[in-house]
Every structure is written in C-alpha cells, then in structure tokens.
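K.L.:
Please read through the structure below; I'll follow up with questions.
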Amino acid sequence: MITKTVDAILNRALAGEDLTREEGIVLLKQTEPTAIAAIRQTADQLRQRQVGETVTYVINRNINFTNICEQHCSFCAFRRDADEDGAFWLDWGQIQEKTRDAVRRGATEICMQGGLNPEAKLNGAFLPYYQQLVRTIKEEFPQLHLHAFSPQEVQFIADHDGISYAEVIAALQEAGVGSMPGTAAEVLDDDVRRILCPEKTNTATWLEIVGTAHRLGMPTTSTMLSGHIETPEQQMGHLEKLRSLQQVACDRGYPSNITEFILLPFVGQEAPKPLRRRVGRDQPVLEDALLLTAVARIFLGNWISNHQPSWVKLGLDGATEALRWGCSDLGGTLMEEHITSMAGAKGGTCMEVETLQEAISSVGRPYQQRDTLYRYLAMPQVTVEG
C-alpha cells in the first residue's frame, strides 16, 4: 500500500494533479476526524475552483414506464413479473398525461427508464416500441429534453433485435432522445456484479455502450451504487474507469461526454432478503456517503466537474450536507420516483423548486436553474449574503 501521507495526497490534488487509484484508496480508508475534515475541505476547495459557488438544479419529471423485468438483481425492490401484484406498464395515454402535467409544472426534462419488459415490442421488435415511447412525448412537446434509457436498456434492445449498440443509440437519437442516464453501472467490477446483478450487462459492455454514445454525440451521466458489498478498492476501480472513459472522449474529440457524476447510496429496506441480510442495514450511512462524495470530487473533478448527491436516497438534509463535501448540483424535482422509493428510501419522491432553493440557500450558496446539459436557464440568480 502507498505510504504517502494524507496531506501529501491532498496537496497533489490541490496542485491540480490527478490522483492515482491507490491514493484514492488511502483517502477512503481514513477514520481520523482530522483527516476526514481535511478531505472534506479539499473537496470543497476543488469544487469551488472547478465549478464555482453556484449550485444548480433541474426541473424534471421521472417516468418509470414499466416495472416488469426479465432480470433479477439482488438489490432491486422495483421489478415485478407481469402477473405479480404491483406490476405496471403505462400506456401511451398515461405517459402523455404525465408529460403534460410535467410541462404545466415547468419541467424542461423527462427522465425515462423502466424494467426490461419482454413484451415491450411493436411489430415483433423492441426498438420500434422504444422509438414510439420517445415520439409519444416529442411529437407533442418537442422542446422537452428526453434523458432516457440506460446502457442496460440499450443492450436489451440490441441483443433481442440482433442489431449493434450503435444502431440502437442512433435510432433513439433520431427519435428524439437527448442524453443517456449512466445508470445500471452499480459498481463497475465484475466480482461485485456477479453477486449484485448477475444477469445484467458486464463492466466492459457498460463502458462500450457509454463510449459509443459519446462517439455518436449523445451525452451521458455517470453513477455509482455504493455502500453494499463493495470495498474501497472496488469503489476506486469504478471511479478510475469513469475517469478513463471521460479522458478517451476528450482525447479523441468525441462530440459528447459525461456531464455529471451522481453517487447513489444503497437503500436496502425493501431489497430482496439475501442481500439485505448480507449488507446488514436498511438505510445509507451518511458519513460513508459523504467521504466517498469528497473523494469522488478529488479524483474525478478535473474531468467530470458536476457532482450531484441523491436527495431521494440520502434525504434532503443529507444531500444538502453533501454540498459541503464537493457537490455542485442538487439534482431534479423528479415529481415522481418509484425505483428507490419502492426500496424503502425516506427521501420522498418529489421536491418542489422552492424547497431545493431553500436547501441551497441554507449553505450560503447561490442557486441557479439549469437544463439537462448544465446550461443556465433564464431566471433571477439569487446571491446569498453572508
């Protein structure tokens, strides 16, 4: 193990250098309050330098269009079989009504993901169904940004329809998808994935699909599901893969890249019992999530500058505290959210704009509405005194 002191590692970060994976592991393993305070302070300083004081948010609606899924992930309380109690599959009219309601409430983005429903086909193929899902929204509301369909959903369509990932992504782009959620990443380590999500895409395929999106001009986000069975070594391996993916997009001059990093702490209250027993708790440990938030900023910030906590998983108080640990964005209003709430999260499923603004103001930072791609939207920017 590397013998550099925490101070030496943090000084390298403050000098603008990229840390190594081993240095990140050293930081994640700190338990002394003074060391953790120094890590927090460094992350906050780098955040200020890399993105400034303003905290952004987006007005969006989450539409989980079905929870019927052919896969069985060990952490998922959302999925159902088609004949199971609680299974749902929204029809076109329900999706249109949810979208109209979102527009009435000022949304600029629809975030759409769902289970891998083996019946989600049109004319015997999956891609036409997903294209129609997009057009159902875009034909009526062309101004909305569609942040839709994870790398897992892209692989699902490609594998079942016998086409390439690039063909799927290009067809979804043509239909009106504006960006891809970097979900289904969980932890990009196949030893973890064999336990957590054995039927899901593997690490190499997830990276390939996201890299293909960047090459084709589709921006993506990036995420990590943390605080379950993974080790600090595996956490840092995940962050290293994300940073490398971003470096490739930048070095090769791809038209798009990763717009943000979102840490998603594990919520296990309603998760399937084997994993819940193995993890041994139902709600995230805030202190662990905050330390990982800070290290992620220090490790990724030169390449991925926008960092967001999950108020759904941490609660608004926890997410607001994360703004002191390197985060620069408070996420979206969501309006409804099923995947984490069905897992037993206590953060709620909807956040009013004023509530997000008050939370940002409470840490003495100005707030600003943004669009999906982090462009500021016209609104009075409020400067907080003191």
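K.L.:
List, in order, the whole-Hz ³J(HN,Hα) value for each residue of region 63-77 obtained from phi through the Karplus relation with A = 6.51, B = -1.76, C = 1.60 and θ = phi - 60°; use x for Gly and Pro.
P.N.:
10, 8, 7, 7, 10, 6, 8, 7, 9, 9, 8, 6, 9, 8, 9
K.L.:
How are the Cα pair distances of region 112-170 distributed, in percent, across 10 Å bins from 0?
P.N.:
Over region 112-170, the share of Cα pairs per 10 Å bin runs 22, 56, 21, 1 percent.
K.L.:
Please report, in debye to the nearest 20, how large the charge dipole of region 102-192 is about its Cα centre when each Lys and Arg carries +1 at its beta carbon and each Asp and Glu carries -1 there.
P.N.:
The calculation lands at about 620 debye.
K.L.:
Run the numbers on the chain and let me know its relative contact order in percent, using alpha-carbon pairs under 8 Å that are six or more apart. List each step's numbers first, then the result.
P.N.:
Numbers: 739 pairs, mean separation 85.1, N = 386.
Relative contact order for the chain comes out at 22 percent.
K.L.:
In nanometres, what is the gap between the two model label sites at ALA170 and ASP91, each 7 Å from Cα along Cα-to-Cβ?
P.N.:
In this crude spin-label approximation the distance works out to 3.6 nm.
K.L.:
Normalising by the residue count of region 144-233, find the relative contact order in percent from Cα pairs under 8 Å and 6+ residues apart.
P.N.:
36 percent
K.L.:
Here are labelled values, [x] 30; [y] 22; [z] 14, and one is the computed percent of Cα pairs over 38 Å apart for what I pasted. Which one?
P.N.:
Read-out from the structure maps to [z].
K.L.:
May I pose another question? Need the full-extension length gain, VAL103 to GLU287, defined as separation in residues times 0.36 nm minus the C-alpha distance. One decimal, nm. List each step's numbers first, then the result.
P.N.:
Working: separation 184, 0.36 × 184 = 66.24 nm, distance 3.69 nm.
Taking 0.36 nm per residue and subtracting the Cα distance, the gain is 62.6 nm.
K.L.:
Along the charge dipole of region 114-213, which of ALA171, VAL154, ILE209 sits closest to the positive end, that is, farthest toward it, with unit charges on the beta carbon of Lys, Arg, Asp and Glu (+1, +1, -1, -1)?
P.N.:
ALA171
K.L.:
What is the helix-to-structure angle for 92-104, meaning the angle in degrees between its Cα long axis and the longest Cα principal axis of the chain, kept from 0 to 90 and rounded to the nearest 10?
P.N.:
40 degrees
K.L.:
If the cut-off is a Cα-Cα distance under 16 Å, which aspartates and glutamates reach LYS121, setting aside same-chain residues fewer than 8 apart in sequence?
P.N.:
Counting by Cα, and skipping residues close in sequence, LYS121 has these aspartates and glutamates nearby: GLU70, ASP91, GLU153, ASP159, ASP161.
K.L.:
In degrees, nearest 10, range 0 to 90: what is the angle between the Cα axis of helix 126-138 and the longest Cα principal axis of the chain?
P.N.:
Its long axis makes an angle of about 80 degrees.
K.L.:
Let me ask something additional. How tilted is helix 33-51 with respect to the longest principal axis of the chain? Cα atoms for both, answer in degrees (0 to 90, nearest 10).
P.N.:
Between the helix axis and the principal axis of the chain, the angle is about 60 degrees.
K.L.:
Still on this structure, I have one more. Roughly how many nanometres apart are two label points built 7 Å out from the Cα toward the Cβ at GLU84 and SER362?
P.N.:
It works out to 3.5 nm between the two label points.
K.L.:
How many percent of DSSP beta bridges within the chain run antiparallel, rounded to 5?
P.N.:
On the way: 4 of 30 bridges.
Of those bridges, close to 15 percent are antiparallel.
K.L.:
What FRET efficiency do you get for GLU336 and ALA37 if R0 is 30 Å and r is their Cβ-Cβ distance, rounded to the nearest 0.05? Intermediate results must be reported in sequence, preceding the final value.
P.N.:
Details: r = 38 Å, r/R0 = 1.26.
Once rounded, the FRET efficiency stands at 0.20.
Where a number appears in this text, it was derived from the coordinates with a stated rule and is not lab data. Note that the structure is predicted; figures quoted are calculated from it, not measured. Please note: Cβ atoms are built from the backbone with ideal geometry, for glycine as well, and neighbour counts cover all protein chains shown.
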